[in-house]
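To start, the structure under review is shown below, and the notes come after it.
No lab work stands behind these numbers, since they all come straight from the coordinates. Remember, it's a predicted structure, so these values are computed and weren't measured experimentally. Cβ: placed from backbone, ideal geometry, glycine included. Neighbour counts: every protein chain shown.
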Amino acid sequence: MKLTLKVWRQNDKNDEGRFVDYIANDVSPDMSFLEMLDVVNIDLVKKGETPIVFDHDCREGICGSCGMMINGRAHGPGRGIATCQLHMRSFSDGDEIIIEPWRANAFPVLKDLMVDRTAFDRIMRAGGYTSAKTGGIPDGNAILVPKPVADEAFDAAACIGCGACVAACPNSSAMLFVAAKVSQLAVLPQGKAESETRVNRMVAQMDEEKFGSCSNTYACEAECPKGISVTHIARLNREYIAAQF
Amino acid sequence: MLNNEHLKKSMTLNSKIPGGPLEKKWSSHKFNMKLVNPANRRKYKIIVVGTGLAGSSVAATLGELGYNVHSFSFHESPRRAHSIAAQGGINAPKNYSNDGDSVYRLFYDTIKGGDYRAREGNVYRLAEVSGSIIDQCVAQGVPFARDYAGYLDNRSFGGAQVARTFYARGQTGQQLLLGAYSALNRQIDAGTVKFYERREMLDLVLVEGKARGIVARNLINGKIESYTADAVVLATGGYGNAFFLSTNAKASNATAIWRAHKKGAFFANPCYTQIHPTCIPVTGEHQSKLTLMSESLRNDGRVWVPKKKGDTRAAKDIPDNERDYYLERLYPSFGNLVPRDVASRRAKEMCDNGYGVGQSKMAVYLDFADAIKRLGRESVFQKYGNLLDMYKQITGEDPYQAPMRIYPAVHYTMGGLWVDYNLMSTIPGLFVLGEANFSDHGANRLGASALMQGLADGYFIAPYTISDYLASNKFAPVKEDRQEFKEAENTVTGTINKLLGIDGKKSVDEFHREYGKVMWDYVGMGRNKAGLQKALKLLPEIRERFWKEVKITGNAHDINTELEKAQRVADFMELGELIAIDALHREESCGGHFREEYQTEEGEAKRNDKRFAYVAAWEFTGKTAKPKLNKEPLNFEEVHPSQRSYK
């Protein structure tokens, strides 16, 4: 396949940024999207140009490092996948592909397609944990968690922190990300003791990071590579309201 | 070429394994170790490099104890570390399944699985503390698999005949790392741990013979920064990417341990590399990494090849009596659940002999048809859904309809920096944890034991032994403007400038791929003397060309991913040679190290306990081609080394 790429290039936080066209020749349908970019980058280096910078690591959809808007969709076409799991068989010869970084005030562009998502870490530090000290804890089977509850907690805990929910949301809201952690620890008995302070602090930090508000468009759920349901947002809202009284 | 001179004058290393009976060693050692008064702990500064399971858990635990902890990662967030990708599970001898498990059995299975090349004392301690890991993770809110009554569920794994593996669907590593990450976050929030994101450690700094700090590059602005400490912990993972294609993440690298090695830390058993039997096969030249399919799939999936050589029929058209379920045939008692090294070698052998399947013929089938018939599609989905989806996503084929094609790939490295029982390297004050050290898996790691070791080291072992080190030594204050730091900064800057100045014509990736191919062909799954000697001729040639012909664009003062890669690849190109030297010197087969000259009549690894029952700890001498061998003899008091049998 031969493809035309329109790639966002931006030197640093302060640069305005622009689209630059590249031609990708001999693209195999078995390549992953990132492998296609690898090939383009090798050509760029050999021509003496700087390669397109993007975050990536595990390349199997679990580390949450990669993430780009591909033809206007977070992680590109297909559901339930991160960018690294997108394969070129999803495209056809002659296609034009527009590649942009996540766009959100809370995620400043560091370079090209690489953004700063440390706002997510700061939200997690504001209570995304149980205060279990190392040692001094009961046997694993002393805390019973029936399968449906464990499954529900797992569904929320599957979040990879990639930021697609924020990128897909017209308001750049981080509600699905925050809800996933709050919900995981709200349904588990281990998390209940600190549930009030947790939800209050995490929501306050989310607001401080300048994420937008949730207006129930559900774009986050549609683009989440792990298919995390917006019902967790409902649980976050319930937890938050309950914590005010 | 290997020069045998150095084998003669080697020193013996002291593993510092405490005396007394096996089951009392750790508890009596804990009592004998010195403690730091809670009020004094904040005066000690500890650097932890890496935030995977071992790094996050040790930083969190040391912070919780009250030490002044500084945690470093080249990632933007601790949660991106590659522990996140571990799939299958974590072992602990809780005996919840009532199938005869015990600490001693886990110890025994691990020693045997490692082909009698690990220390008894370390392995017993690992088995002993592993139960607490499960409890710890449950308390953190890790959503392990449960039954309807709420009890923890277990599954079985390769190399064991009991069900002792705890799991969270096929994403156990992710859930355990997020648990450790949450513990770390709690300490960052509390102010006991300071986290430095996007910093890559490029040198270790020694002052008066002790590890007293690191030099790191800020990957955003390129600044070379010095950090002082009273102790340094490396939890930076393994070196599988020396082979270019592996199941490791793209950025996983050996730079931190390699540069520490060049500063005096011995490198132990580098040739013990693990090839994982169930990975998705290579599709073409563009391949950037290999994807693992969890070994847990072998619980219900059946491995087979056609009985007829070069059979081109589709899997569904091959009747059952024309299929060779070769693992079940060769190993009736362990069947598809033989250890990884055995399963990998048999797959290679089938393909080498012309029974391979798929277009490349370099694959065997892993078939779920029987499991779907027996358990139902829904139940198979519940257990393995995300793994089967992942396969479909990558290959475009549906594993519910046709069997998966799998082939072995480099996955884990049992070798690493040498450490004593206290997890301290040959450099005082330098501790090495998790996959970065060599300590517990011998020549082969059993499935679901990497997560166990990373968290055992981080939560339950290193916090004690580091306290003992701090309490037993005096530390004169050290500042970043000391000469030792300036010298290290200059070395680092010099290397960076040299790389940028080459301006050759080949990219870093192309060199890495070429190097990895030689490693895989001659230092991979099957090794022999001639092949290793050939590798030792080819590898230095590629390295020399790299330093003359590599092309890196951009500069050193902002984000430059090519420059980052180049430094890592430059280090792999030295380490790769050490792997080959070690493999050539070890004239026996054991676990993941398979020398074709040394095998039993049935094609199993044939150890030579008389000559090689020792840990090979290599010392950097200034010349990559001439490392010095030091030996730590392995003493087996409890378990009598025998020919492993999984029949």
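For the reader, a short list of remarks on this structure follows.
- The packing ranking of peptides B:371-384, B:402-415, highest mean first, is B:402-415, B:371-384, where packing means the average number of other beta carbon atoms within 10 angstrom of each residue.
- Using only side-chain charges placed at the Cβ, +1 for Lys and Arg and -1 for Asp and Glu, the dipole size of chain B relative to its Cα centre rounds to 620 debye.
- In order along region B:596-612, phi translates into HN-Hα couplings of 4, 5, 10, 9, 6, 4, 8, x, 8, 4, 10, 6, 10, 5, 4, 9, 10 Hz, rounded to whole numbers, per the Karplus curve 6.51 cos²θ - 1.76 cosθ + 1.60 with θ = phi - 60° and x for Gly and Pro.
- For region B:195-234 versus region B:327-391, the spacing of their alpha-carbon centroids is 44 Å.
- DSSP-assigned coil residues among GluC sites (Glu not before Pro) in region A:7-94, each with at most 10 further Cβ atoms within 10 Å: A:Glu16
- Non-local Lys pairs in region B:521-575, i.e. 8 or more apart or on different chains, that have alpha carbons under 18 Å apart: 4
- Within the straight-line cut-off of under 16 Å between alpha carbons, the aspartates and glutamates reachable from B:Lys112 are B:Asp101, B:Glu120, B:Asp341, B:Asp440, B:Glu604, B:Asp609, B:Glu637, B:Glu638, sequence neighbours fewer than 8 places apart in one chain being disregarded.
- Relative to the dominant Cα principal axis of chain A, helix A:147-157 is inclined by about 50°.
- Positive-end residue of B:Gly494, B:Gly237, B:Ala85, charge dipole of chain B with Cβ unit charges: B:Gly494
- Pairs over the 25 Å Cα-Cα cut-off, from the set B:Lys289/B:Lys392; A:Lys47/B:Lys498; A:Lys147/B:Lys94; A:Lys226/B:Lys223; B:Lys25/B:Lys210: A:Lys226/B:Lys223; B:Lys25/B:Lys210.
- Relative contact order (percent, whole number), region B:566-647, Cα cutoff 8 Å, 6+ residue spacing: 21 percent
- Coordinate range along principal axes, alpha carbons of chain B, Å, largest first: 74, 60, 48
- Counting Cα-Cα pairs of region B:492-631 in 10 Å increments starting at 0 gives whole-percent bin shares of 11, 35, 29, 16, 7, 1.
- Region A:12-56 versus region B:488-522: alpha-carbon centroid distance in Å: 20 Å
- Across peptide B:282-294, the average count of Cβ atoms from other chains found within 10 Å of a residue's Cβ is 5.
- Residue-count net charge about A:Ser131 - beta-carbon cut-off 9 Å; Lys, Arg +1, Asp, Glu -1: +1
- Legend: mean number of C-beta atoms from other chains within 10 angstrom of residue C-beta atoms, peptide A:61-73, equals 4.
- Descending Cα extents along the principal axes, region A:117-242, whole Å: 45, 28, 27
- Helix A:33-46 and the longest principal axis of the Cα set of chain A meet at an angle near 50°.
- Under the Karplus curve 6.51 cos²θ - 1.76 cosθ + 1.60, θ = phi - 60°, whole-Hz ³J(HN,Hα) for region A:58-67, x wherever Gly or Pro sits: 6, 6, 9, x, 10, 7, x, 6, 7, x
- Computed over chain B: relative contact order in percent, which uses C-alpha pairs under 8 Å that are six or more apart: 21 percent
- Value of Rg/Rh across region A:3-111 [Cα atoms, Kirkwood radius]: 0.93
- Peptide packing for B:312-321, B:113-122 was compared via the average number of neighbouring C-beta atoms within 10 Å per residue; ordered from the highest value, the list is B:113-122, B:312-321.
- Using θ = phi - 60° and Karplus 6.51 cos²θ - 1.76 cosθ + 1.60, couplings along region B:367-376 (whole Hz; Gly, Pro as x): 10, 9, 4, 5, 5, 5, 5, 6, 9, x
- Counting Cβ atoms of other protein chains within 10 Å of each residue's Cβ and taking the mean over peptide A:24-32 gives 3.
- Exposure proxy order (Cβ contacts within 10 Å, fewest to most) of B:Tyr67, B:Tyr272, B:Tyr515, B:Tyr148: B:Tyr148, B:Tyr515, B:Tyr67, B:Tyr272
- For region B:276-410, relative contact order (Cα pairs under 8 Å, six or more residues apart, normalised by length) works out to 35 percent.
- The GluC sites (Glu not before Pro) of region B:198-269 meeting both criteria, a DSSP state outside H, G, I, E and B (loop) and at most 10 other C-beta atoms within 10 angstrom of the site's C-beta, are B:Glu208.
- If the Kirkwood radius is taken over C-alpha pairs of the protein assembly as shown, then at 20 °C and 1.002 mPa s the Stokes-Einstein diffusion coefficient equals 78 µm²/s.
- FRET E, pair A:Asn200, A:Leu144, Förster distance 25 Å, beta-carbon r, rounded to 0.05: 0.35
- With contributions of -39500 (n - 2.57) from each DSSP H run of at least four residues, the per-residue ellipticity at 222 nm computed over chain A stands at -10000 deg cm²/dmol.
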